[in-house]
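A quick write-up on the structure given underneath.
Quick note: the coordinates plus some simple rules give every number you see, no bench work behind them. Quick caveat: nothing in here was measured; it's all calculated off a predicted structure. Cβ coordinates were reconstructed from backbone atoms using ideal geometry, including for glycine residues, and neighbour counts include every protein chain displayed.
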Amino acid sequence: MKMLYFAWFRQRIGQGEEDIDLPADVSTVGELITWLQGRGPGYAAALDDLSVVRVAVNQEFSSLSDPVANSDEVALFPPVTGGTEPGTGR
Amino acid sequence: MKMLYFAWFRQRIGQGEEDIDLPADVSTVGELITWLQGRGPGYAAALDDLSVVRVAVNQEFSSLSDPVANSDEVALFPPVTGGTEPGTGR
Amino acid sequence: MIKVQHEDFDTGQELAALTDGRTDIGGVASFIGLVREMADDRQLSAMTLEHYPGMTEKMLGEVEAEARKRWPLDDCLIIHRYGRLEPGERIVMVAAASAHRKAALEACAFLIDWLKTKAPFWKLEESGDDDPEGGQWVRSKSSDDDAAARWSADPDDKNQGS
Amino acid sequence: MIKVQHEDFDTGQELAALTDGRTDIGGVASFIGLVREMADDRQLSAMTLEHYPGMTEKMLGEVEAEARKRWPLDDCLIIHRYGRLEPGERIVMVAAASAHRKAALEACAFLIDWLKTKAPFWKLEESGDDDPEGGQWVRSKSSDDDAAARWSADPDDKNQGS
C-alpha cells in the first residue's frame, strides 16, 4: 500500500511517502491507523490525537470505518489550512 | 435657478439644461414640478407620472417637500439604471 | 478611489494598485460589470450611459464612504464608465481590499448593489429595431432596489420609491 | 478552469480570459488572497504551502463543479499557488462569470469558502523567531468551517470535525 504523509505528520514520521505491506487483519482506515501507531514513536506522536487526523483513500476524504486494501493510495494529514489569511484565528 | 434634465426627461423637454427665474410662490420641489408641468407639453409629458420623477437639489436626492431657492441647482430625472445587467428584468 | 470616465480600464493594473507594496491585506474582492448583448428578448447593438457629472462622483464617494464605515477596508475602488459601449465591453468595476476575506467579499457586493440604485446613470439601449428616440431607455428594476435594501439602507434614502 | 502552480499569475489576463470574445456575460466576481505579514502577534518572513499533488486538482475540480451546479455560471476559475511565498504575494484567485451579478458574487464567495476547507493545502509559517521545525504549522480555524458550513455542505463531508 502506498502511504503519504503531509505537513507535521510528514515531519514527525520522518518521511513523506512509503510502501507498506498491509497485515492480513487490517482492513479499515481505523485499523490501519492503530497499526501505524505501533510502528514507532514518530508514528505514535503524529497520530496521537485522532481529532486532527484526516484520511484520504485514493484521493477521496474517508472515515475510520472505510475499507482499505493493499492496492490503495492512503494519505494521512492534519486538517487543511489553504486559501488565505495565514495565521489568523489560531 | 439652474435646471438639469436627464435621460428621457431631457428628450421630452427638449433640452438638458436651462436657467429659470423661480416665481415668488414656488418654494418647494413639489411646487417647482407643478409649475414646470404648466410650461408646455414636453414638460407635462416628462413629469406626468410622479412615481418615476427623482429630484436632486444641489446634487443631493431630495423629496417633494424640500425647499428650493433661485440659487439652487435642481436636477430632474427618472430612476437611475447604472451598473450592469442592461435590459434585464424590465 | 472613485473614477468616472469614458475610457476603458486595465483590471489587472487597478487590482495591483490596491495592494502594491502592502503586506497587511489578506484579500481583494472585485466585481466587473459588462455589456450583455441580449436584453430580455432584444438583441443590443450598443448602449449609451448618460450621467450627471459632479453628482455621480459625489454619490459614488458616498457609497465608498459607507462601505468603509461598515467594514474594515484597507482600500476601495469604484470605476464607472459613461458614453456609448458595445456588447462585451466593461461598464463598471468595484473592489474592496481588507485584512479579512469576509469583509472584502461583503463590501464588494455592497458596493455594486448600492451604486446601482444611488449613482445617477441612465442606460439607453440601441437594438437592431427602429428606435424612435435613437434607442430605448432602460426602466429601473425592483430587484435592484431589493438588492440594495438587504443592506438596510437608511430610512432617509430618497431614491427608493417615490 | 483549475490551475495549481508555484508561479505567480497575471490577474488582469486571467479575468480577461473569462470574458474575451463573449457578449453574454453580465458580471465577473473575483477574490484574490494574499500573504499577510502579521499572523496574530507574530511577524512572518515567509510561508510555505505544502499540498497533495493530484488530490489538490481533483478537490478544486469538485469545488468548481459544485459551484457550476448551484449557480448558472458562464465560466469559473480557481488558481492556487504552492511553495514558499513572501508577505504581499498572491496565494489564490477565484472568479465566477455569469449573466447575473448575484450569481457571480455568490459563487465567488462559495468558491473561496469551500476551497479553504476542501483543498489539501497546509501552511508552514516562518517568523523571525527560532522555529524548531523551520517554521510553525498553521492550525485549522473553526471560522473557516463555519464559512463553508453556511453553504450547507453535504452531510457526507469527511473533512469537517473528526
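Site pair residue B:48 and residue D:149 shows an inter-label distance of 5.7 nm when each label is modelled 7 Å from Cα along Cα→Cβ. Note on residue D:68 and residue B:63: their simple-model spin labels are 5.0 nm apart, each label 7 Å out from Cα toward Cβ. For residue B:73, the distances from its label point to the matching points in the remaining copies are 6.5 nm, ordered from shortest, with each point set 7 Å beyond Cα toward Cβ. Report note on the peptides C:102-110, B:60-68: ranked by the mean count of other C-beta atoms within 10 Å, highest first, their order is C:102-110, B:60-68. Counting Cβ atoms of other protein chains within 10 Å of each Cβ in A:22-33 and taking the mean gives 0.
From least to most packed, judged by other beta carbons within 10 angstrom and beginning with the fewest, D:92, A:55 follow the order A:55, D:92.
The other copies place their residue D:6 label points at 4.9 nm from this one, listed shortest first, where each point is 7 Å from Cα along Cα→Cβ. Helical content of chain A, expressed as a calculated mean residue ellipticity at 222 nm, amounts to -6500 deg cm²/dmol (DSSP H runs of 4 or more residues, -39,500 (n - 2.57) each, divided by residue number, nearest 500). Between copies, the label points at residue A:42 (set 7 angstrom from Cα along Cα-to-Cβ) are spaced 8.7 nm, reported in nanometres from shortest to longest. Counting only DSSP H runs of at least 4 residues, each contributing -39500 (n - 2.57), and dividing by the residue count of chain D, the helix-based mean residue ellipticity at 222 nm comes to -10000 deg cm²/dmol. The mean number of partner chain beta-carbon atoms within 10 angstrom of a residue's beta-carbon across peptide B:10-17 is 1. Look at the alpha carbon pairs under 8 Å that are at least 6 residues apart: their mean separation over the length of chain D gives a relative contact order of 30 percent. Note on residue D:10/residue A:28: beta-carbon distance plugged into 1/(1 + (r/R0)^6) with R0 of 60 Å gives a FRET efficiency of 0.80. Converting phi to 3J(HN,Hα) with the Karplus coefficients 6.51, -1.76 and 1.60 and the offset θ = phi - 60°, segment B:32-38 yields 4, 5, 4, 5, 5, 4, x Hz in sequence order, with x at every glycine or proline.
Chain C residue nearest the rotation axis toward D, with distance: C:12, 1 (Cβ to axis, whole Å). The mean number of Cβ atoms from other chains found within 10 Å of a Cβ in peptide C:114-122 is 6, as a whole number. Protection proxy ranking, highest mean first, for peptides B:23-34, D:77-88: D:77-88, B:23-34, where packing is the per-residue count of other beta-carbon atoms within 10 Å, averaged. Among rounded, prolate and oblate, which fits segment A:2-77 when a ≥ b ≥ c are the square roots of the eigenvalues of its C-alpha gyration tensor, a/c under 1.5 means rounded, and a/b larger than b/c means prolate? Note, shape of segment A:2-77 comes out rounded.
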